[in-house]
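These notes are about the structure you will find just below.
The values are calculated or read from the model by the stated rules, or taken from the named source; none is laboratory data. Just so it is clear, the structure is predicted and the values come from calculations on it, not from any experiment. Here the Cβ positions follow ideal geometry from the backbone for every residue, glycine too, while neighbour counts run over all protein chains shown.
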Amino acid sequence: MSKVRTRYAPSPTGFMHVGNLRTALYEYLIAKSQGGDFVLRIEDTDQERYVEGAVDVIYRTLKTAGLKHDEGPDIGGDYGPYVQSERKDMYRPFAEKLIESGHAYRCFCTKERLDALKQTEEYANGGYDRHCRDLSKEEIDKLLAEGTPYVIRQKMPLDGTTTFTDAVFGEITAPNEELQDQILIKTDGYPTYNFANVIDDHLMGITHVVRGNEYLSSTPKYNLLYEAFGWEIPTYVHLPLIMGQNEDGTVSKLSKRHGSTGFDDLVKDGFLPEAIINYIALLGWCPDDNTEVFTLKELEQKFSIDRISKSPSVFDYAKLEWFNGEYIKNMTVEQFEQTAHEYIEQGLGGKKLDTVKIAGILQQRTTKLTQIPENIDFFAELPEYDAELYINKKSKTNAENAPVMLKAAYDELSALASWDHDSIHACLIGLAEKLGVKNGTVMWPVRIAAAGKKVTPGGAIEILDILGRDEALARMEKGLAKLNG
Ligand code: GLU
């Protein structure tokens with residue numbers, strides 16, 4: 001058995017859709033689960049669609065996602081170059097071989113003729129009427145001598161069928177008469193994707209071609225090329241579509257109206273790359289047990305082609321958020337602080353507080369990093385709040401006892417020799433005991449005074465500790481003034 005080689009072959013569009021990322025991930029996992037190589041190839045033959053900086057988006061995404069390629073334009077390898085535009089001159093000789101063997105032909109049709117063809121009912125949706133398929137040698141020689149520009153088209157068999165087996169979708173058969181005489185080499189000399197992918201996959205020794213199922217219907221044409229050259233056909237692994245849930249309950253192809261669809265945008269939305277990768281791994285594949293949370297290393301061991309599903313999967317943002325929360329919980333507090341640092345600083349608006357302690361109160365309740373600034377904004381500045389907040393049934397606080405509790409807490413806390421979590425804890429618990437009330441009856445008014453918000457990450461003790469003595473006491477004084485005012 002030859003070594004497994006997969007390739008991720010993006011066209012540089014400047015945007016990494018989660019569908020593309022899933023393709024890259026599955027290619028990576030298929031290679032790594034079988035000790036193979038994962039190759040990156042840039043498919044930039046469509047020069048009109050060239051986007052500045054787009055290749056960098058690809059490198060950056062693969063790197064952030066942890067999908068390390070073994071060969072590629074940036075690191076080289078034995079099968080380079082890995083950018084199709086740099087391979088430009090390699091394709092034409094192969095196309096010429098096909099002309100010689102009767103599997104391709106030169107087409108001299110002008111743009112005007114092809115445009116006129118599109119106006120006809122039969123070719124309104126594209127296609128070519130095979131006008132140049134049977135030109136005589138004399139005609140061809142004459143046109144060539146005149147320097148007439150031409151494309152090279154694949155000569156499809158006019159009858160019979162082409163059958164192949166896809167590892168996910170099973171056996172597929174296409175009637176040959178439905179296959180278009182597609183262009184292999186364009187007038188500008190560049191190969192089309194349809195031609196270049198076959199030549200490159202063969203020359204690069206690719207054993208498994210993994211891609212979106214929008215290519216399934218073109219695959220018979222590629223197989224006819226492999227056959228014409230006498231090359232071995234790779235294993236095809238076409239992946240089902242990723243759908244999004246519409247408001248009316250139906251599903252349709254995942255697009256912007258469902259939410260973010262790009263890797264960068266999901267990261268901007270506050271999702272961790274590891275969680276995105278983990279979630280995406282399960283969009284079309286499942287392990288043989290119910291495990292859901294995997295590191296990339298674990299996926300590399302577990303992944304298998306036979307558990308890829310052919311039914312479309314629905315991108316569930318709530319589920320992704322659940323994964324994200326799990327990844328956040330599993331970090332050390334220091335790791336979480338580093339990951340969330342920017343968001344914490346944003347919430348603090350320039351105020352210098354202990355960000356590790358803040359990370360500590362946020363970690364268990366954060367499912368998206370973008371929730372953080374709003375959740376901790378009260379540290380930056382005490383918000384305006386209503387005295388009603390002091391009244392809480394569960395904590396047994398009311399308009400009468402709240403000021404009493406807050407005043408008693410203020411007096412005890414002002415007398416504390418050292419301001420730290422344990423001292424504040426002992427002080428407030430001791431006070432509740434002394435007064436013969438529930439802990440909550442003391443804690444509730446203190447927390448409201450310290451934060452000015454009904455819901456906060458962390459309780460009274462953590463918040464007082466983080467605010468520091470002066471700020472904490474000043475806020476309690478304000479609270480007392482509000483309650484007594
Ligand atoms: N360049 C193609 C794309 O980005 C790749 C398809 C393939 O993997 O063969 O869709």
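Just a few scattered comments:
- When Glu52 is tested against the conditions (1) within 16 Å of the ligand (Cβ to nearest atom); (2) modelled with pLDDT under 95; (3) among the charged types (D, E, K, R), the lone failure is (1).
- Filtered by the rule that a residue be within 16 Å of the ligand (Cβ to nearest atom), under 20 Å from Val4 (Cα atoms) and either among the basic types (Lys, Arg) or exposed (fewer than 13 other Cβ atoms within 10 Å of the Cβ) (or both), region 159-194 gives no residues.
- Pairing residues of region 186-215 that are more than 17 Å from Gly284 (Cα to Cα) and among the hydrophobic types (A, V, I, L, M, F, W, C) with residues that are part of a helix (DSSP H, G or I) and within 10 Å of the ligand (Cβ to nearest atom), at Cβ distances under 6 Å and at least 6 apart in sequence or on separate chains, gives Ala196/Gln84; Val198/Tyr222.
- Note on region 195-210: among residues that are buried (at least 22 other Cβ atoms within 10 Å of the Cβ) and not acidic (Asp, Glu), the one that is nearest to Val151 (Cα to Cα) is Phe195.
- Scanning region 301-319 for residues being surrounded by 17 or more Cβ atoms within 10 Å (Cβ to Cβ) and under 19 Å from Gly66 (Cα atoms) gives a total of 2.
- With respect to the conditions (1) surrounded by 14 or more Cβ atoms within 10 Å (Cβ to Cβ); (2) within 39 Å of the chain's Cα centre (by Cα), Asp56 lacks only one, and its number is (1).
- If the condition is being in contact with a helix residue (DSSP H, G or I) (Cβ under 6 Å, 6 or more places away or on another chain) and in a helix (DSSP H, G or I), then region 100-113 contributes no residue at all.
- Top-ranked residue of region 9-44 - restricted to ones that are within 10 Å of the ligand (Cβ to nearest atom), among the polar types (S, T, N, Q) and more than 19 Å from Gly259 (Cα to Cα), ranked as surrounded by the most Cβ atoms within 10 Å (Cβ to Cβ): Thr23
- Residues in region 36-72 that are part of a helix (DSSP H, G or I) and of a type in the set (Val, Ile, Thr) were compared, and the one that is farthest from Ile277 (Cα to Cα) is Val55.
- The lone exception for Ala228 - which of (1) over 26 Å from the mean Cα position of the chain (by Cα); (2) within 16 Å of the ligand (Cβ to nearest atom) it fails: (2)
- Residue check for Arg257: among the charged types (D, E, K, R), over 14 Å from the mean Cα position of the chain (by Cα), closer than 26 Å to Glu171 by Cβ and away from the ligand (no atom under 16 Å from the Cβ): no
- Of the helices (runs of 4 or more DSSP H) entirely within region 277-362, those holding at least 3 residues that are in contact (Cβ under 8 Å) with a residue 24 or more places away in the chain and within 30 Å of Leu467 (Cβ to Cβ) occupy 317-329, 333-348, 355-362.
- Residues (within 23 Å of the chain's Cα centre (by Cα), under 14 Å from Pro457 (Cβ atoms) and not hydroxyl-bearing (Ser, Thr, Tyr)) located in region 338-362: Ala340
Conditions tested, residue by residue: (1) part of a loop (DSSP other than H, G, I, E, B); (2) free of Cβ contacts under 8 Å to residues at least 40 places away in the same chain; (3) within 30 Å of Val57 (Cα to Cα).
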position	(1), (2), (3)
Asp74	yes, yes, yes
Pro81	yes, yes, yes
Glu86	no, yes, yes
Met90	no, no, yes
Leu98	no, no, no
Asp115	no, yes, no
Tyr128	yes, no, no
Arg133	yes, no, no
Glu138	no, yes, no
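- Scanning region 195-209 for residues that are polar (S, T, N, Q) and more than 10 Å from the ligand (Cβ to nearest atom) gives a single hit, Thr207.
- Helices (runs of 4 or more DSSP H) enclosed by region 170-276 - at least 1 residues per element that are in contact with a strand residue (DSSP E or B) (Cβ under 6 Å, 6 or more places away or on another chain) and within 30 Å of Asp129 (Cβ to Cβ): 193-203, 219-229
- Residue match in region 279-296 (condition: among the aliphatic types (A, V, I, L, M), out of contact with any Asp or Glu (no Cβ under 8 Å at 6 or more places or on another chain), surrounded by 15 or more Cβ atoms within 10 Å (Cβ to Cβ) and within 25 Å of Glu171 (Cβ to Cβ)): yes
- Matching helices (runs of 4 or more DSSP H) fully within region 368-485 where at least 2 residues are buried (at least 21 other Cβ atoms within 10 Å of the Cβ): 372-375, 401-414, 421-435, 439-451, 460-467, 469-484
- Hey, Glu71 of a type outside the set (Phe, Trp, Tyr), within 16 Å of the ligand (Cβ to nearest atom) and exposed (fewer than 15 other Cβ atoms within 10 Å of the Cβ) or not: no
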